[in-house]
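The values are calculated or read from the model by the stated rules, or taken from the named source; none is laboratory data. Remember, predicted model here, so these are calculated numbers, not experimental data. Glycine also receives a Cβ, built like all others from the backbone with ideal geometry; neighbour counts cover every protein chain displayed. What goes into the accessible areas is simple: the full protein's heavy atoms, side chains included, and nothing from ligands, DNA or RNA. Shrake-Rupley method; radii C 1.70, N 1.55, O 1.52, S 1.80 Å.
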Amino acid sequence: MRIGPYTLDVPLIVAPMAGVTDRPFRELCLAHGAGMAISEMMSSNPALWRTNKSQKRMVHIDESGLRSVQIAGAEPELMAEAARFCVENGAQVIDINMGCPMKKVNKKLAGSALLTRPDLIEQILTATVNAVDVPVTLKTRTGWDPDNKNCVTIARMAEDCGIQALALHGRTRACMYKGEAEYDSIKAAKAAVSIPVIANGDIDSPEKAQYVLDYTGADAVMIGRPAQGRPWIFREIHHYLTTGEHLPAPSLEEVRTILLGHVQELHQFYGELKGLRIARKHVGWYLKEHDQIGDFRRTFNAIEDAQQQIDALQGYFDNVA
């Protein structure tokens, strides 16, 4: 699969997720088989670009893989300016967010709310593509609600505006993350355009990835929530797609190594105080299968010292083993 001048050898992409796909998580997923990882979305409001939060969300020149930054907003000029700013700071691909269903984003007419304004979408796409000399991609949903699915129209518009790849989540904005994703709309969008189409939504196993690729004809799949606490899902899927065989599940010792490394990276990247707070949700995802009652997680979430977090995790795995 190609995005402009870039070739992805592995058709597996880490979905941009606010509060999740920070640099430590992106690097981890890439190390475990993802072909590309997209940053969590960055506001097009220039007043926010220099904040510590935005600085952490940006990609950095020394990151692994193809550096893609997602931007969100509803004003064409600001989106264009944000794209230029990101490229100047190391982005090799700009991704436009038209898929976020959250109310605080939609009330500003950003994210999936734009699906109600095709006229504005065209202006944003054109302005952003013309603003930078790197590929611009688009992530969106099937429509605003089940009675108003317009993703095929948007896909054609995106191609006409110069968008280099389209990621499509198989739900409408009204569906949020409920129910099951549908893939007929993705199949229709793929048939309507010649640019690469990336299928997204409920791809949580090697078999599901193979099915979605075969059914939709998509060029790649994008994985979000199923990778939370399970970054090795990418190597599992890639192995299955290339060999038709399953990799064994990671051993408890490997899970320990991956989780401890991830938590330590969070402490280092954010500083101990913020890092230990962010680590809590990741640890919850990792241990969901092992700590089903949740006793350890409740204890872990009360810890306010970074080293004590590491010690508690070591003790937990020693006990489980």
Open item on the list: Leaving out ligands and nucleic acids, and using a 1.4 Å probe, what accessible area per residue does the stretch 101-155 come to in Å²?
Closed with: 45 Å²
TODO: Report, to the nearest 10°, how far helix 118-131 tilts away from the longest principal axis of the Cα atoms in the chain, using its own Cα long axis and a range of 0 to 90°.
DONE: 80 degrees
Open item on the list: Give me the 1.4 Å probe accessible area per residue for the stretch 161-251, excluding ligands and nucleic acids, in Å².
Closed with: 40 Å²
Task: Long-range Cα-Cα pairs in the stretch 19-166 (distance over 28 Å), rounded percent - done: 15 percent
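Only helical DSSP H runs with n ≥ 4 go in: add -39500 (n - 2.57) per run for the chain, normalise by residue count and round the 222 nm mean residue ellipticity to 500 deg cm²/dmol.
Numbers: 13 runs with 143 residues, N = 321.
The helix-only estimate for the chain comes to -13500 deg cm²/dmol at 222 nm.
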Open item on the list: Could you tell me the relative contact order of the stretch 43-110? Use alpha-carbon pairs under 8 Å, at least six residues apart, and round to a whole percent.
Closed with: 35 percent
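Roughly speaking, to the nearest percent, how much of the chain's 1.4 Å accessible area is carbon and sulfur?
Details: 6690 of 13770 Å².
So the carbon and sulfur contribution to the accessible surface is 49 percent.
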TODO: For the chain, find the longest principal axis of its Cα atoms and tell me its angle to the long axis of helix 306-320, 0 to 90°, nearest 10.
DONE: 70 degrees
Open item on the list: Can you return the aspartates and glutamates within cross-link range of LYS274? Criterion is Cα-Cα under 20 Å, with same-chain partners fewer than 8 residues away left out.
Closed with: ASP22, GLU27, GLU40, GLU265, GLU304, ASP305, ASP311
TODO: List the aspartates and glutamates whose Cα lies under 12 Å from the Cα of LYS178, skipping any in the same chain that are fewer than 8 positions away.
DONE: ASP202
- [ ] Would you mind checking LYS104/LYS208; LYS208/LYS288; LYS103/LYS187; LYS56/LYS187; LYS107/LYS149 for any pair whose Cα atoms are more than 30 angstrom apart?
- [x] LYS104/LYS208; LYS56/LYS187
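Give me Rg over Rh for the stretch 236-304, both radii from the alpha carbons and Rh done the Kirkwood way, two decimal places.
Details: Rg = 14.9 Å, Rh = 13.6 Å.
Computed over Cα atoms, the ratio is 1.09.
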- [ ] Express in whole angstrom the spacing between the alpha-carbon centres of the stretch 251-292 and the stretch 183-206.
- [x] 32 Å
Open item on the list: As an exercise, use a Förster radius of 56 Å and the Cβ-Cβ distance of ASP145 and GLU253 to find the FRET efficiency, rounded to the nearest 0.05.
Closed with: 0.75
TODO: Write out the trypsin sites (Lys or Arg not before Pro) in the stretch 88-146 meeting two conditions: DSSP loop, and at most 16 other Cβ atoms within 10 Å of their Cβ.
DONE: LYS107, LYS108
Task: Computed E for ASN89/TRP285 - FRET, C-beta separation, R0 22 angstrom, nearest 0.05 - done: 0.15
- [ ] Compute the acute angle (0 to 90°) between the alpha-carbon long axis of helix 233-243 and the principal axis of greatest extent of the alpha-carbon atoms of the chain; round to the nearest 10°.
- [x] 70 degrees
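So for the chain, Kirkwood radius off the Cα pairs, Stokes-Einstein at 4 °C and 1.567 mPa s: how many µm² s⁻¹? Write out the running numbers ahead of the final one.
Working: Rh = 20.1 Å.
Once the numbers are plugged in, D ends up at 64 µm²/s.
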- [ ] Before anything else, pin down the relative contact order of the chain: Cα pairs under 8 Å, at least 6 apart, normalised by residue count, whole percent.
- [x] 13 percent
